[in-house]
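Values in this text are rule-based calculations from the coordinates and carry no lab data. These numbers come from a predicted model, not from an experiment. Glycine gets a Cβ as well: all are built from the backbone with ideal geometry, and neighbour counts include every protein chain shown.
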Amino acid sequence: MLIKNINPYKVVCGTNFMPTAIEKLDFRVNQEWADCARENPWLDFVPAFAKDSKGQEFMRGVGRSVAYKIKTEDAKGKQTYECGQCGGEVMATNVAHPILDSPICCSGSGRVRNEQVPYCPKCETRPRGSGEPIIL
Ligand SMILES: [Zn+2]
């Protein structure tokens, strides 16, 4: 199967250890993202959010083990992150999802849908530039 099965309500715990209590936080996918992930099962990155006892917010991708600390959020909701594991800057990379809309299996018009996927260059491998295909 080409399409990953994303269960938006379940955050899979990785085998990686975390040096802080971040891993003990209860990461949850909000309704907006749960709906988005249901409609777009090809998404590489679906964020889950948690808050620690001091009110600091964290974000972690569903199925990932590294959490990011939310540093700032502007009026438009654009956030910047710091790696919860190494404290380094979290980067974003573009993942292109080919759109397969032809009746012939596995061929498409060449259109892609781009997704910005965050990752820590120190703790995580850079996501592949080509993502799951979108089958229409
Ligand atoms: Zn890191």
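Rounded to 0.05, the FRET efficiency of the residue 80 and residue 30 pair, given R0 = 22 Å and the Cβ-Cβ distance, is 0.70. Ranking of 124, 73, 39 by neighbouring Cβ atoms within 10 Å, starting from the fewest: 39, 73, 124.
As a rough guide to protection, the peptides 51-57, 93-99, 25-31, 110-116 ranked by mean Cβ packing within 10 Å, highest first, stand as 93-99, 25-31, 110-116, 51-57. Close amide-amide hydrogen proximity is noted between residue 134 and 99, 100, each under 5 Å apart and 5 or more residues distant or on a separate chain (H modeled in the peptide plane; Pro and chain starts excluded).
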